[in-house]
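Asks: There's a structure below that I have some questions on.
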């Protein structure tokens, strides 16, 4: 059987801090038509709810835009901001009333103070992620161990020294990334011809570096990133573009916060 070595080349990558989640004042409008089975009070409440939901969407949109996608290397960061939701702290009615042209239409315009909030930790899928070694000498091999408390699908990434990202699983020879609840998995699997070997990049002058491994799991099989294995065993995404991270964040943003989870682990490489 042919043995395949995947070289994990390393440099120290700075972590980018997230933007502050400050509450924002926004204005929004809402309207609702009265049906035959609704009371006036119910229609008024529904119009206000529409306006409040629009206010939340505005603030969450501003927050997500503040996390500018600069490069694919941002996969190393905490992606929990993608699941950001909004919480209204205060509402001020600017104008409200029944439309003079249509007495069944109620309109409201309001100002809302909305705070971006993250989903509560501990909910959704629980992940255990570990490495066979936390410190490696150059040329050493490492294995990745992972387990979840739900049936789901695993996507393993390696963030390299130059910021490029390698999709370890699924790959061209193993596209089945389904995992079972409570079952411990390892990558590369026992008997696999793949070996993860840590090496410094040729232009690295230091004696120490770090490598990051990211695991993302989803309850359903999702096309988080385009695979397209045209050459080689693994899909590699260039550090200088945002194609992969953009596709990934868009797909995750469409999922319910409880339907996906991430974990990141690091090991240190020395000469």
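The values are calculated or read from the model by the stated rules, or taken from the named source; none is laboratory data. What you see is a predicted model; the values in this text were computed from it and never measured. So basically every Cβ, Gly included, is an ideal-geometry build from the backbone, and we count neighbours across all protein chains shown.
Asks: Check 65, 22 and return the single one that is within 23 Å of the chain's Cα centre (by Cα), assigned to a helix (DSSP H, G or I), closer than 26 Å to residue 254 by Cα and at pLDDT below 85. Spell out the reasoning first.
Replies: Details: 22 fails: assigned to a helix (DSSP H, G or I).
After applying the criteria, what remains is 65.
Asks: Residues of the stretch 252-265 being in contact with a strand residue (DSSP E or B) (Cβ under 9 Å, 6 or more places away or on another chain) and at pLDDT below 85, which ones? Let's see the steps before the verdict.
Replies: The first filter runs over the stretch 252-265 and keeps only residues in contact with a strand residue (DSSP E or B) (Cβ under 9 Å, 6 or more places away or on another chain), leaving 252, 255, 257, 259-265.
Within the stretch 252-265, 252, 255, 257 meet the criteria.
Asks: All but one of (1) modelled with pLDDT under 90; (2) out of contact with any strand residue (DSSP E or B) (no Cβ under 7 Å at 6 or more places or on another chain); (3) buried (at least 16 other Cβ atoms within 10 Å of the Cβ); (4) more than 21 Å from residue 209 (Cα to Cα) hold for residue 163; state the number of the condition that does not hold.
Replies: The failed condition is (4).
Asks: Counting only residues that are in contact with a strand residue (DSSP E or B) (Cβ under 6 Å, 6 or more places away or on another chain) and under 28 Å from residue 220 (Cβ atoms), how many does the stretch 174-195 have? First the steps, then the outcome.
Replies: To start, the set of residues in the stretch 174-195 that are in contact with a strand residue (DSSP E or B) (Cβ under 6 Å, 6 or more places away or on another chain) comprises 177-179, 184-188, 193-195.
From the residues that got through so far, the ones that are under 28 Å from residue 220 (Cβ atoms) too are 177-179, 184-188, 194.
The total comes to 9.
Asks: Name the single residue that is nearest to residue 211 (Cα to Cα) among those in the stretch 244-254 being surrounded by 15 or more Cβ atoms within 10 Å (Cβ to Cβ) and more than 10 Å from the chain's Cα centre (by Cα).
Replies: Among them, the one singled out is 244.
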